[in-house]
1. Go through segment 123-161 and report how many residues are among the hydroxyl-bearing types (Ser, Thr, Tyr) and surrounded by fewer than 17 Cβ atoms within 10 Å (Cβ to Cβ).
2. Going through segment 107-118 one residue at a time, which ones are more than 16 Å from the chain's Cα centre (by Cα) and at pLDDT 95 or above?
3. Would a scan of segment 85-100 turn up a residue that is within 30 Å of Lys152 (Cβ to Cβ), free of Cβ contacts under 8 Å to residues at least 40 places away in the same chain and among the hydroxyl-bearing types (Ser, Thr, Tyr)?
4. Quick one: which residue in Ala315, Ala324, Ala360 is on the phi < 0 side of the Ramachandran plot, hydrophobic (A, V, I, L, M, F, W, C) and modelled with pLDDT of 95 or more?
5. Could you check, for segment 206-229, whether at least one of its residues is touching a Phe, Trp or Tyr at 6+ places or on another chain (Cβ under 9 Å) and at positive phi?
6. Considering each residue of segment 200-241, count those that are of a type outside the set (S, T, N, Q), more than 20 Å from the chain's Cα centre (by Cα), modelled with pLDDT of 95 or more and over 13 Å from Ile260 (Cβ atoms), and give that number.
7. Just need a number here: residues in segment 74-121 that are under 23 Å from Asn164 (Cβ atoms) and acidic (Asp, Glu).
8. Which ones in segment 329-376 are β-branched (Val, Ile, Thr) and either crowded, with 19+ Cβ neighbours inside 10 Å or under 13 Å from Arg306 (Cβ atoms) (or both)?
Amino acid sequence: MKKLGLILSLFAISFSGFAQMKLIKKMLSNEKDTTRKASFLPIPSFGYSQETGLEFGVGAIYSYYSDRKDTITRSSNFSVNATYSTKKTYNIALKGDAWSPGNKYHFIGDVRFKKMPFNFYGIGNNAQKADEDKLVMNQVKALFDAEQSFLKNAYTGVSLGFENYKFTDQTPGGIFTSNPNIFDKDGGSVVYVGVSQSYDTRNSNNYPSKGFFGRVTYQFAPHFFDAESFTGSQVKVDIRNFWPIAKKLVLGVQGIYYTIQGSNTPFYLLQQMGNDQIMRGYYGGRYRDENLIASQLELRYRFMNRFGIVAFAGAGKVFNNDNANLKSLKPNFGFGGRYFFDTAKGLSVRVDYGAGEKLANEKRQSGFYISLAEAF
């Protein structure tokens, strides 16, 4: 019996080692899966940004094609993620991006529960680090979009969104409590209803190498909770284009313009500059105001199916509704690496380092990011 147990143990160890080697070989293989089969990947979740610190937790990604035989149909992706970070943030996120056969219908869902300590610097394009104020945010956010194609490559949609915020000031007496132009300091709730129009000729929704994408969204927030709740509108414009420069080299360009219109707009609904997608290198929310305009270009070199590198640069600013101009644009630039865990669908883990402007008596603004999916 002891010999049998020993043999079974050795067999189990060998099988486990073989399975691990097979998984490692698959994850590093340069071959491209052309079967268009569904994939499910439970993964230890990790990430990093200057706002949250190092995030770790668990997650899973499920990706499939609603029509495997139709090569035009885009991949649908669903993910769930639960993380905790070294800066004592927690984040539970459920995301969905689904395409029907032939891309006739498109559905987007995003639900988040988040607690996050963060630094607040005031409002405007000239916020100073010396005014840094530490707050804690509790956030519940849900967004649902449904789009239908009535013309080739054009999608008309409707959306519904809900956001709830609560804030705690960790350093009373700072700019957050003393500035009278900061509204709704305790937090509040808002409901959005909206419409959208997009035009999309990209050859992939995950890693495009050619094509155009443009989307305009209008959202209206009515009086829904009480007389003091925010009422107003928000417009978002997102334009992108991609050109193949060489067989493995792609140039991508993106421009955005976001604006919110209303009276006594709560500070947490103001447009914020800086995140892991655009204006990388700036602390998220360091600069916030009623309007945000930004652009970026990214040069992508995918030297293997599994691996790639990028270089990027951009410029942007925030401004209020009475001061619309393109003066005092803030620059950013950086580089990064890519690992494609699903080579056929272009799903990737990316590592980016971005840098921004250098202000007097401050270190150059910069940020390091580890994220899923391309920046745009």
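The values are calculated or read from the model by the stated rules, or taken from the named source; none is laboratory data. All values reported here derive from a predicted model rather than from experimental measurement. Glycine gets a Cβ as well: all are built from the backbone with ideal geometry, and neighbour counts include every protein chain shown.
1. Initially, segment 123-161 is screened for residues among the hydroxyl-bearing types (Ser, Thr, Tyr), giving 149, 155-156, 159.
Right, trim to surrounded by fewer than 17 Cβ atoms within 10 Å (Cβ to Cβ) and you get 156.
Adding up the residues that qualify gives 1.
2. Residues of segment 107-118 more than 16 Å from the chain's Cα centre (by Cα): 107, 115-118.
Passing the criteria: Phe107, Lys115.
3. First pass over segment 85-100, keeping only residues within 30 Å of Lys152 (Cβ to Cβ): 95-100.
Then keep just the ones that are free of Cβ contacts under 8 Å to residues at least 40 places away in the same chain; that gives 95-96, 98, 100.
Pick out the ones that are also among the hydroxyl-bearing types (Ser, Thr, Tyr) and you get 100.
The answer is yes, given that some residue of segment 85-100 is within 30 Å of Lys152 (Cβ to Cβ), free of Cβ contacts under 8 Å to residues at least 40 places away in the same chain and among the hydroxyl-bearing types (Ser, Thr, Tyr).
4. Exactly one of Ala315, Ala324, Ala360 is on the phi < 0 side of the Ramachandran plot, hydrophobic (A, V, I, L, M, F, W, C) and modelled with pLDDT of 95 or more, namely Ala315.
5. So far as segment 206-229 goes, yes, one or more of its residues are touching a Phe, Trp or Tyr at 6+ places or on another chain (Cβ under 9 Å) and at positive phi.
6. Adding up the residues that qualify gives 2.
7. 1
8. So the first thing to find is which residues in segment 329-376 are β-branched (Val, Ile, Thr), and the list is 343, 349, 351, 370.
Residues satisfying the conditions are Thr343, Val349.
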